[in-house]
Amino acid sequence: MKFSKYLIIKLFFIFISSQFLFNVSKANAAEEIKITYSIFSRTIKVNSLKTFAQGGNSTKKLKRILRATGSKDKEIRSVLNKNFEIPITIASKLVNSEIGNVFLTRLSSVIHTPRADDEKTGMLALRASVIQGIKIGNGKINMINFFEGYPTKTIILDVNALSKVMNKVESISELLNFFTDSPIEKIKTN
């Protein structure tokens with residue numbers, strides 16, 4: 001009798017202490033995007049970007065940042081709301097494939113976590129963001145879902161790295177078409 005009481009107390013103590021010692025906090029969704037350009041940076045809230053994408057309303061700060069792009073609000077909203085429908089299983093295969101790793105590694109120099117010291121950390125965060133973004137969008141992903149699915153509070157968007165990538169590619173639509181059409185068809189047949 002004493003032994004079973006002692007065992008129950010010990011198990012209870014182990015259970016309670018394990019909650020404190022091994023409790024891994026749930027990763028939060030991104031709340032802000034920090035846009036860096038050389039020594040300058042600006043921060044936008046993901047919620048204000050989402051509000052802008054959905055209804056066109058924006059804060060003064062967001063208006064200033066959007067004005068700096070030189071694009072019309074309608075075009076920016078169109079890019080933010082462009083949905084790509086892809087089953088989560090196929091997306092998982094794609095982001096874990098060789099071509100997916102190459103793409104995510106290159107993209108991790110443009111979009112990364114605040115404390116990313118290596119490409120692998122950025123690549124893992126991007127991979128998680130794609131999968132979580134598709135889950136948020138119920139089988140579809142767009143820029144807002146992608147940002148909402150990012151596993152850290154802050155996303156760093158490096159404009160210098162982005163311009164280097166854009167100089168190598170004629171157009172972003174060409175890049176998107178290549179990465180959303182070709183590999184997906186190959187993965188679907190496997």
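Here N160 meets the list (1) modelled with pLDDT under 85; (2) not in a helix (DSSP H, G or I) almost entirely, failing just condition (2). When each of I99, I111, I88 is tested for being in contact with a helix residue (DSSP H, G or I) (Cβ under 8 Å, 6 or more places away or on another chain), among the β-branched types (V, I, T) and open to solvent by less than 40 Å² (accessible area, probe 1.4 Å), the lone residue that passes is I111.
Set side by side, the residues K135, K93 differ, and just one is modelled with pLDDT of 85 or more, open to solvent by 60 Å² or more (accessible area, probe 1.4 Å) and over 20 Å from E31 (Cβ atoms), which is K93. Looking across the range 78-124, the residues that are part of a helix (DSSP H, G or I) and either closer than 18 Å to L49 by Cβ or hydroxyl-bearing (S, T, Y) (or both) come down to S78, V79, L80, N81, T89, S92, T105, T121. Of all residues in the range 32-75, count the ones that are surrounded by 11 or more Cβ atoms within 10 Å (Cβ to Cβ), aromatic (F, W, Y) and either touching a strand residue (DSSP E or B) at 6+ places or on another chain (Cβ under 6 Å) or free of Cβ contacts under 8 Å to residues at least 60 places away in the same chain (or both). Of the residues in the range 32-75, 1 are surrounded by 11 or more Cβ atoms within 10 Å (Cβ to Cβ), aromatic (F, W, Y) and either touching a strand residue (DSSP E or B) at 6+ places or on another chain (Cβ under 6 Å) or free of Cβ contacts under 8 Å to residues at least 60 places away in the same chain (or both).
The values are calculated or read from the model by the stated rules, or taken from the named source; none is laboratory data. Quick caveat: nothing in here was measured; it's all calculated off a predicted structure. Counting neighbours? That spans all protein chains shown, and the Cβs are built from the backbone with ideal geometry, glycine included. Ligands, DNA and RNA are stripped out before the accessible areas are found, and what is left, the full protein with its side chains, is counted by its heavy atoms. Shrake-Rupley method; radii C 1.70, N 1.55, O 1.52, S 1.80 Å.
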